Structure formats: structure tokens, C-alpha cells
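J.: Let me begin by handing over the structure; questions about it come next.
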Amino acid sequence: MEEQYRQWRMKAIVERAARYSAGSLDSRGLAALEEQLTYAEFKASVMQGDDNGRLLEYVNTHVIFQAGVDFESKPMVVFCACNLPSTKEADYDRMLNLIIFRLDEFVENDYTVVLFTSGATNAPGWQWMSKAYRRLDRKYRKNVKNLYVVHPSMWSKMLFQVLGRIVR
């Protein structure tokens, strides 16, 4: 995520600098522009995207959402892998950012994850799964106290077997 943030920030700096005439922008002006670009702006840019937030709305209502609390009063985060859109319809890298932004709401305290995998017609590739796992650093994993897999598909069983051998 940090690399994407850096790339976005450099692109935004260049775009903002281009708005000013080349003669009136000195190094102090460029530094001032750079300081204005925050992580919150990056997050807002990713959330809005090129589709006016349609993917954000889909992810927050169909892919990952909170469904109350468990018996220990920990928030239950539901992840519906069965609702993942086709790779032809959605940018999975942006979708991963949106999922991570959504998880940011829960990672400071203990939480439970309920994973629905049955009936998934659009399973992401192993390369994307590997990238997603690498992007979910300790901050996201340390407070997951329970993981429930509901109706595991063959794909999810294989995934957990492979990750179980790697993570140990």
C-alpha cells in the first residue's frame, strides 16, 4: 500500500505542479504542494476511483461488512468471497485497497472474521491471493481472534492447506 501511495503522491504532485505556470513555481512552491498531499487524500482518491465510487459501494455492501457482534462482543466482519466480481469487471488491486480500508475500522481491537466461500464463481488467481496475503501485515492479523469458514469450497480448502503450511 505504501508503494501505491508513493506512486499516487508523485503523480498528484506532477498534476498539481502542471496547473501552475512553469515560471511561477519554485522549489518552495513544489514542497508546499507535496506537503498538502496526505494519506487521507490518497484514500479518498482510491475510494472514489474512476467509477464514482460504485466499486466502493459494492465492496462495502456485498464483499466485506460488519454483521453485529459475536458472543464476546467483538465485531463480526463478514467477508463474502462468493460475491467477488469478475476480474474483467473490477480492478482487483483497487478492490484490495478498499477491503484494507474497510478492515482499518476493526484492526485496533479484537474482531471475528466470518468467511463465506461457497458458490464463488469468480475466484481470484493464486498470484493475487499471494499479493493480498503479503499486503495484510501483522496489524491486520494480530487481533483476529476467530475465523469461521462457512461452507468451504474446494478452492478455499486448498488455500487454507497451502497457507497453513506456509504460515507455520
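The values are calculated or read from the model by the stated rules, or taken from the named source; none is laboratory data. Just so we're clear, the structure is a prediction, and the values are computed from it rather than from any experiment. Surface accessibility is based on the protein's heavy atoms, side chains included, excluding ligands, DNA and RNA. Shrake-Rupley method; radii C 1.70, N 1.55, O 1.52, S 1.80 Å.
J.: Once you have the Kirkwood Rh of region 45-110 from its Cα pairs, apply Stokes-Einstein at 20 °C and 1.002 mPa s and quote D in µm²/s. Intermediate values should be presented prior to the final figure.
T.: Numbers: Rh = 12.6 Å.
Translational D for this selection: 170 µm²/s.
J.: Please list the non-local residues whose amide H lies under 5 Å from the amide H of Val114, H modeled 1.01 Å from N, same-chain partners needing a gap of 5 or more.
T.: For Val114, whose amide H was placed from the backbone, the distant partners under 5 Å are Val77, Val78, Phe79, Tyr148.
J.: Here's something else I'd like to know. How much accessible area per residue does region 33-151 have, counting only protein heavy atoms and a probe of 1.4 Å, in square angstrom?
T.: Dividing the accessible area of region 33-151 by its residue count gives 57 Å².
J.: For Thr87, what residues show an amide H to amide H distance below 5 Å, using hydrogens built from the backbone and excluding near sequence neighbours?
T.: none
J.: Pairs Lys88/Lys142; Lys43/Lys131; Lys11/Lys74; Lys11/Lys139: which are spaced more than 30 Å apart, C-alpha to C-alpha?
T.: As for pairs spanning more than 30 Å Cα to Cα, those are Lys88/Lys142; Lys11/Lys74.
J.: For Asp104, Asp91, write out the residues from largest to smallest accessible area, computed with a 1.4 angstrom probe and no ligands counted.
T.: Numbers: Asp104 45, Asp91 85 Å².
Highest to lowest solvent-accessible surface, that is Asp91, Asp104.
J.: On to the next question. Let me make sure I get this right: for region 93-138, a, b and c are the square roots of the gyration tensor eigenvalues over alpha carbons, sorted descending. Under 1.5 in a/c it's rounded, otherwise prolate if a/b > b/c, else oblate. Which is it? Numbers along the way, then the final one.
T.: Values: a/c = 2.01, a/b = 1.36, b/c = 1.47.
The shape class here is oblate.
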